[in-house]
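Below is one structure, written out as structure tokens, with a few remarks after it.
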Amino acid sequence: MKLGHFALPPFVKGVEGAIDSAAALGFYSVELTASYFPDSMPREAMLDSARRIKAYADEKGVALRCFSWCVDISQNTEASVAILKKYADVCQVTDCKYLHHTLVCSFAPGSVNFEEKLPQIIPACREVYDYAVTKGVQVVYEPQGAGFNGVQNLKKFVQALDRAPKFVADLGNTYFVNESPDRVIRAFGKDVVHVHVKDYRVIENLSEAPLPYIFGRTPERAATFYTKCCYPTPNKTYLADALPGEGVNNFVSLFTLLLENGYDGCFHLEVPCWGKYPKAQFEYIIAYCKECYEKAQKLISSP
């Protein structure tokens, strides 16, 4: 199982820290993010930094496999395209195969008019995609937010894009539109080239403040925490971050489905470790994911 860092636990700081941690844990890879390369950084300075990071990762035996930027490409479009082109250059010099960028970042139900936004962003997405191709980099997309999410809308996006995109199977984002992540895996099959591992707990009522121990929060603070951090869904429930195995996902089933489609890519962890014992939480996450993956492998190999 090619595990890797994406969202870093609190005891891991910066890209060098992520690489050191990955090497110590036996992880395959680290995901680069815009936080390591501020968009205001001049191109040559950014590439110099990228080369140093690549050399350090090589020294530690850690791959760099995906660069992710959370951006609303419908806002400040020209500037966003220019930044994404710099990030494609970073991917080239770091041997990072995939450039992942979001499309329209809005999570509130009904906040995105998909049919209106789609034609607005397509020219910019094509420009970024085509530039990345010249650098030997594949642009990838994931279901995300309230609009560009769910199988139906993603298929419309692919048709409008008129390119050959690949996908990140984010194992939580589809719940924002009340779809389970297996639908995206089934719909896009072998075009899934990267995975973000996460889980959510479905909250029926914020006043319940369920299981605050998962987050290391006291019951007194739990209500405030969930009010700020729970995501509303169209069916009027809420999503709260959860450790894998504590939420709604069946990871054995999801990993099995990925393997059935020939998936051989990375599984980058995007999960919270915000409790009183974050290192113990992170050790649990790693062990749990490996256990589920091994069970999936056995299901695939059994007659």
### Message
Residue under question is L243, and the condition is that it be surrounded by 15 or more Cβ atoms within 10 Å (Cβ to Cβ) and either without any contact (Cβ under 8 Å) to a residue 60 or more places away in the chain or more than 18 Å from the chain's Cα centre (by Cα) (or both); does it hold?
### Response
yes
### Query
Which residues, taken from the range 70-92, are among the charged types (D, E, K, R) and under 15 Å from T134 (Cα atoms)?
K85, K86, D89
### Message
Conditions first: (1) modelled with pLDDT under 95; (2) surrounded by 21 or more Cβ atoms within 10 Å (Cβ to Cβ). N178 passes all but one, so which condition is the exception?
### Response
(2)
### Summary
Over the range 60-101, the set of residues of a type in the set (S, T, Y) and under 18 Å from P38 (Cβ atoms) is S68, S80, Y87, T94
### Task
For S80, indicate whether it is out of contact with any strand residue (DSSP E or B) (no Cβ under 6 Å at 6 or more places or on another chain), of a type in the set (S, T, N, Q) and at pLDDT below 95.
no
### Query
Of the residues that make up the range 145-154, is at least one outside any strand (DSSP E or B), buried (at least 17 other Cβ atoms within 10 Å of the Cβ), of a type outside the set (A, V, I, L, M) and on the phi > 0 side of the Ramachandran plot?
yes
### Task
Name the single residue, out of those in the range 161-179 being part of a loop (DSSP other than H, G, I, E, B) and in contact (Cβ under 8 Å) with a residue 40 or more places away in the chain, that is farthest from the chain's Cα centre (by Cα).
N178
## Note on the structure
Taking the range 245-277 and keeping residues part of a helix (DSSP H, G or I), over 19 Å from Y200 (Cβ atoms) and of a type outside the set (A, V, I, L, M, F, W, C) leaves T256, E260
### Task
Scan the range 255-273 residue by residue and report those that are out of contact with any Cys (no Cβ under 8 Å at 6 or more places or on another chain) and either of a type in the set (A, V, I, L, M, F, W, C) or at pLDDT 95 or above (or both).
T256, L257, L258, L259, E260, N261, G262, Y263, D264, G265, V271, C273
### Task
Kindly indicate whether any position in the range 219-230 is loosely packed, with under 15 Cβ neighbours inside 10 Å and modelled with pLDDT of 80 or more.
no
### Task
Please state which one of K236, K295, K290, K276 is more than 27 Å from H100 (Cβ to Cβ), modelled with pLDDT of 95 or more and surrounded by fewer than 18 Cβ atoms within 10 Å (Cβ to Cβ).
K295
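The values are calculated or read from the model by the stated rules, or taken from the named source; none is laboratory data. Quick caveat: nothing in here was measured; it's all calculated off a predicted structure. Methodologically, a virtual Cβ is constructed for each residue, glycine included, from the backbone with ideal geometry; neighbour enumeration extends over all protein chains shown.
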